[in-house]
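The values are calculated or read from the model by the stated rules, or taken from the named source; none is laboratory data. Since the structure is predicted, the reported quantities are computational estimates derived from the model, not experimental observations. Every residue, glycine as well, gets a Cβ built from its backbone with ideal geometry; the counts of neighbours run over all protein chains shown. These area figures cover heavy atoms from the full protein model, side chains too; ligands, DNA and RNA do not enter into them. Shrake-Rupley method; radii C 1.70, N 1.55, O 1.52, S 1.80 Å.
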Number of protein chains: 2
Amino acid sequence: MSLTDSSPAQIAQAAAVASRSLAVLSSDARNEALTAVHRALVQSKDLILSANAQDVELASKAAENGELSQSVLKRLDLGKKGKWEDMLQGILDVRDLDDPVGKVTMKTKLDDDLILERRSCPIGVLLIIFEARPEVIANITSLAIKSGNAAILKGGKESTESFKAISTVISKALKSTKVPRASIQLVITRESISDLLALDKYIDLVIPRGSNELVRSVKSQTSIPVLGHADGLCSIYIHADADPSMAVRIIVDAKLNYTAACNSVETLLVDEAVLETTLPQVASSLFEKGVSLRCDKLSKAALRRTLPRNQAAILQDASDTDYDTEFLDLILAIKTIPKTSSPTASVDLATTHINAHSSKHTDAILTSSESIADRFLNHVDSACVFWNTSTRMADGMRFGFGTEVGISTNKIHARGPVGLEGLMIYKYRVRGTGQVAGDYSEDGGRKWKHERLL
Amino acid sequence: MSLTDSSPAQIAQAAAVASRSLAVLSSDARNEALTAVHRALVQSKDLILSANAQDVELASKAAENGELSQSVLKRLDLGKKGKWEDMLQGILDVRDLDDPVGKVTMKTKLDDDLILERRSCPIGVLLIIFEARPEVIANITSLAIKSGNAAILKGGKESTESFKAISTVISKALKSTKVPRASIQLVITRESISDLLALDKYIDLVIPRGSNELVRSVKSQTSIPVLGHADGLCSIYIHADADPSMAVRIIVDAKLNYTAACNSVETLLVDEAVLETTLPQVASSLFEKGVSLRCDKLSKAALRRTLPRNQAAILQDASDTDYDTEFLDLILAIKTIPKTSSPTASVDLATTHINAHSSKHTDAILTSSESIADRFLNHVDSACVFWNTSTRMADGMRFGFGTEVGISTNKIHARGPVGLEGLMIYKYRVRGTGQVAGDYSEDGGRKWKHERLL
């Protein structure tokens with residue numbers, strides 16, 4: 001980790017050079033570096049927490065003046081119970097994951113003594129732009145070193161003092177390891193980002209973690225591939241045969257477990273057959289938690305007939321744009337899937353709506369029928385498609401990836417929660433014994449064996 | 001296949017809608033469509049060849065006037081021996097490949113009755129821009145249908161009549177199949193490309209096949225991911241212990257088997273120890289085939305001492321830019337890797353040069369030592385890294401992929417020769433029985449099992 005006065009081009013070039021050494025380090029060398037980083041952070045707790053206290057103090061004043069939200073302030077504080085320990089444990093957790101480097105994922109005998117292998121390898125140089133949470137720097141450093149990728153980091157300005165302190169500690173710790181110093185570089189000034197985004201010669205992938213505006217702004221500024229999600233507009237479809245109490249539990253969780261998360265539900269599609277049976281139970285539970293419901297005509301009419309008068313009175317009308325809105329708030333848009341000639345026709349109406357309106361992040365169906373569920377899971381074109389579980393399950397930790405760099409709504413490279421695997425690419429190796437292309441000419445040359453060994 | 005007067009936005013939207021139906025068709029339905037396309041083309045041979053003859057006639061006039069190169073003219077002619085039959089056989093070859101759709105590539109038991117699966121699925125809508133070779137339209141149609149992706153095609157204008165004839169035949173053939181008509185659409189006018197490149201809402205991936213200028217121009221115009229290679233600057237390094245006769249065979253093949261191909265060799269790195277032994281044999285063989293050699297000082301001096309006078313007289317001096325140039329011509333740049341303290345230090349100089357100058361396409365080492373080869377293959381950051389074989393081996397057909405949509409120098413998604421697998425992404429499916437995120441809260445909730453089943 002280095003905190004540097006270098007120009008963006010120098011930073012990026014140094015990262016590219018360092019990435020080549022890092023890419024060929026042994027698994028042990030990368031793991032030992034993570035152990036060293038962990039040890040150094042443990043020993044520097046007081047130093048880092050006092051730097052963090054400065055950030056918190058400055059941010060508190062800004063929050064008092066209304067210049068900063070309370071939620072940002074809350075996330076800044078590394079002294080909060082368990083946060084420091086979680087950050088340190090995270091480094092060891094990443095260290096102890098399987099090494100993603102050098103895995104052979106294809107092997108073919110092209111001909112005698114001519115063997116093709118596809119092996120996983122690091123991508124190269126990552127540019128990671130993230131929010132103010134100070135513990136993220138340790139998390140990303142671990143992921144980068146474990147995956148053999150160099151990383152250039154730019155964090156939210158509210159955590160500047162914390163980032164500086166942590167990066168100084170990490171930098172010193174890396175000196176005693178085989179990981180090159182320029183593998184992890186912190187940039188402080190916001191201005192350097194637009195310069196870095198132009199350096200496609202050195203930077204292979206940009207990962208913006210933060211607001212939708214940040215992701216969109218990054219995408220519009222660069223020809224470097226961007227991994228991330230600009231939106232999380234997730235839907236749940238209640239099929240006619242869904243279990244009502246399961247529907248209540250799942251939808252309440254999907255809306256309320258973490259309302260501001262990208263994988264919380266924003267649109268509820270309800271089969272007309274259950275408008276007066278399952279929907280009122282769901283609606284009541286949501287009302288109790290303070291959720292506003294924006295309904296289409298059929299669902300509103302049904303709820304007015306079935307809900308207690310005080311609840312029925314506060315139902316809202318949905319506008320068309322509500323079905324294209326990521327509320328990230330205590331608001332849910334409800335749309336009726338009208339009666340059709342068959343259950344599969346209903347599920348097709350739901351999937352058509354979802355493919356037109358969702359952000360291809362996570363969508364779920366609630367149904368007792370496996371064939372209906374399969375049809376939904378096949379037809380919905382989203383990174384995560386769920387049957388009888390909450391959209392909130394879309395998460396690297398829950399998926400067992402150990403950690404994640406983010407959730408991707410891209411349709412190439414990596415989709416959904418992105419763990420270490422998403423930070424890898426591969427290369428093709430061929431080991432020959434003098435064979436040349438001309439040996440295999442069409443008229444009378446040698447024949448390819450193309451025997452798949454793996 | 002439809003030839004349409006629709007606007008670019010209508011074309012792209014229709015492709016997006018069609019892609020959803022195509023994505024869920026059975027393997028049989030996609031294969032039957034390819035059989036139908038094959039049959040229809042067989043029956044329409046005369047019609048298509050006479051349309052192609054019109055293109056050839058027009059192009060011949062243009063070539064006579066110097067407005068078109070002879071090489072483009074040559075590639076236009078579908079009547080050339082074997083070309084028609086190869087085109088038809090290619091459709092059946094793609095049909096008979098393994099179905100790439102729906103493969104389960106990861107399976108994890110997250111908890112009891114809560115199963116995560118990662119399954120391959122088509123990307124969605126491809127925009128493929130290609131050169132004038134008329135047979136490519138049948139090849140791409142096969143790849144798109146087999147992989148379950150909708151495709152919008154724009155081919156070089158010299159083949160317009162051939163493309164129209166072939167697309168009309170394919171369109172009629174698809175009518176009797178389950179593949180939606182808008183799955184494959186041909187656009188004729190060049191102007192529509194820039195409009196299509198703005199439609200990132202509908203188009204998921206752009207694949208430009210053609211000149212470097214085309215690829216660069218496409219990349220600069222779009223925020224849609226682009227798969228392709230802008231350059232093919234490939235190198236071969238002759239290590240001190242390389243077998244001399246193998247070096248001659250491989251380098252002659254790599255330069256001359258198809259000089260204008262992206263995987264032909266452009267830079268030769270030669271260990272100082274073999275400047276007067278192996279290099280002269282290589283140089284003589286290349287001279288005999290008409291290759292010009294651009295040498296650095298050491299290699300030039302060595303060749304002047306060892307080559308016959310008539311050959312020594314025509315050696316050229318290399319400039320710095322020669323090591324960054326994709327000649328695609330009978331020219332080879334030669335650079336000496338100077339003596340070092342150890343064989344690994346020499347290979348490190350070679351890999352450092354390659355990582356700084358090559359286009360990350362294909363690079364090869366010639367050596368008798370497995371450990372030296374491994375060091376090279378690990379350190380070189382290119383899509384294809386070869387030991388004792390020709391750079392010309394970097395090819396989807398030779399790799400056993402059946403066919404390729406191109407060779408990628410991207411460092412994300414797909415790298416090297418891209419076959420059907422490169423046209424796939426995946427989605428995560430979770431099948432639950434009512435579990436919600438809140439069940440797994442940190443204080444006293446259920447524990448994740450995260451048992452890897454695949």
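Give me the 1.4 Å probe accessible area per residue for region B:257-325, excluding ligands and nucleic acids, in Å².
46
Please give me, ordered by residue number, the trypsin sites (Lys or Arg not before Pro) of region A:15-116 that lie in loop per DSSP and have at most 10 other Cβ atoms within 10 Å.
Passing sites in region A:15-116 are A:LYS81.
Reported to two decimal places, what Rg/Rh ratio describes region A:151-262 when computed on Cα atoms with Rh from the Kirkwood expression?
Radius of gyration relative to Kirkwood radius: 1.15.
What does the structure give for B:391-399 when I average, per residue, the other chain Cβ atoms found within 10 Å of the residue Cβ?
So the per-residue partner count for this stretch is 5.
Relative contact order for chain B using alpha-carbon pairs under 8 Å, separation at least 6, rounded to a whole percent?
19
Quote the total accessible area buried by chains A and B together, excluding ligands, DNA and RNA, probe 1.4 Å, nearest 100 Å².
Interface between A and B: roughly 6100 Å².
Quick check for me: using +1 on Lys/Arg Cβ and -1 on Asp/Glu Cβ, what's the dipole size of region B:289-406 about its Cα centre, in debye to the nearest 20?
Result for region B:289-406 is approximately 680 debye, rounded to the nearest 20.
I want to verify the translational diffusion coefficient of the protein assembly as shown in µm²/s; compute it with Stokes-Einstein, Rh as the Kirkwood radius over Cα pairs, at 37 °C and 0.692 mPa s.
The estimated diffusion coefficient comes to 110 µm²/s.
With every protein chain left in place, what is the accessible area of A:LEU307 in Å² (1.4 Å probe, nearest 10)?
Around 10 Å² of this residue is reachable by solvent.
For region A:400-454, count all C-alpha to C-alpha pairs, find those more than 14 Å apart, and express that count as a whole percent of the total.
Here the tail beyond 14 Å accounts for 71 percent of pairs.
Among residues other than A:ASP200 whose Cβ falls under 14 Å from its Cβ, what is the net charge (Lys/Arg +1, Asp/Glu -1)?
For residues surrounding A:ASP200, the net value is +3.
For region B:234-393, what is the percent of antiparallel DSSP beta bridges, rounded to the nearest 5?
Bridges in region B:234-393 that DSSP calls antiparallel: roughly 0 percent.
Quick check: the distance between the Cα centres of region B:189-242 and region B:317-395, to the nearest angstrom?
Distance between centres, Cα-based: 24 Å.
Probe 1.4 Å, all protein chains in place: accessible area of B:HIS450 in Å², nearest 10?
60
Enter the accessible area per residue of region A:87-168 (Å², integer; probe 1.4 Å; all protein chains in place).
It amounts to 26 Å² per residue over region A:87-168.
Leaving ligands, DNA and RNA out of it, rank A:GLU213, B:GLU451 by accessible area with a 1.4 Å probe, largest first.
Largest accessible area first, the list is A:GLU213, B:GLU451.
Rounded to whole Å, give me the distance from the Cα center of region A:91-110 to that of region B:254-286.
With region A:91-110 and region B:254-286 each reduced to a Cα centre, they are spaced 35 Å.
Would you work out the charge dipole size for chain A about its Cα centre, treating the Cβ of every Lys and Arg as +1 and the Cβ of every Asp and Glu as -1, and quote it to the nearest 20 debye?
860
Pick out, from A:VAL24, A:SER50, A:ILE129, the residue whose Cα sits farthest towards the positive end of the charge dipole of region A:23-140, with +1 on the Cβ of Lys and Arg and -1 on the Cβ of Asp and Glu.
About the Cα centre, the residue reaching furthest to the positive side is A:SER50.
Using the Cβ atoms and a cut-off under 12 Å, what net charge is assigned to the surroundings of B:LEU22, where Lys and Arg are +1 and Asp and Glu are -1?
Around B:LEU22, the charge tally is +4.
Could you state the number of Å between the C-alpha centres of region B:69-87 and region B:47-64?
The two parts, judged by their Cα centres, are 11 Å apart.
Name the residue from A:ALA273, B:LEU73, B:HIS357 whose Cα lies farthest towards the positive end of the charge dipole of the protein assembly as shown, charges +1 on Cβ of Lys and Arg and -1 on Cβ of Asp and Glu.
A:ALA273
Expressed as a rounded percentage, what relative contact order does region A:2-221 have, with Cα pairs under 8 Å and six or more residues apart?
Here the relative contact order equals 34 percent.
Between A:GLN54 and A:ASP86, what's the calculated FRET efficiency when r is the beta-carbon distance and R0 is 22 Å? Round to 0.05.
Between A:GLN54 and A:ASP86 the formula returns 0.55.
I'd like the antiparallel share, as a percent to the nearest 5, of DSSP beta bridges with both residues in the protein assembly as shown.
About 30 percent, rounded to the nearest 5.
Nothing charged except the Cβ atoms of Lys and Arg (+1) and of Asp and Glu (-1): what's the magnitude of the dipole of region A:2-221 about its Cα centre? Round to the nearest 20 debye.
100
Add +1 for every Lys or Arg and -1 for every Asp or Glu among the other residues with Cβ under 12 Å from the Cβ of A:VAL418, and state the total.
-1
From the residues B:ALA261, B:SER284, B:ALA240, which one has its Cα farthest along the dipole of region B:220-319 in the positive direction, the dipole being from +1 and -1 charges on Cβ of Lys/Arg and Asp/Glu about the Cα centre?
Going by the Cα projections, it comes out as B:SER284.
What is the percent carbon and sulfur in the accessible area of the protein assembly as shown, measuring with a 1.4 Å probe over the protein chains and ignoring ligands?
49
What is the antiparallel percent of DSSP beta bridges lying wholly in chain B, to the nearest 5?
30
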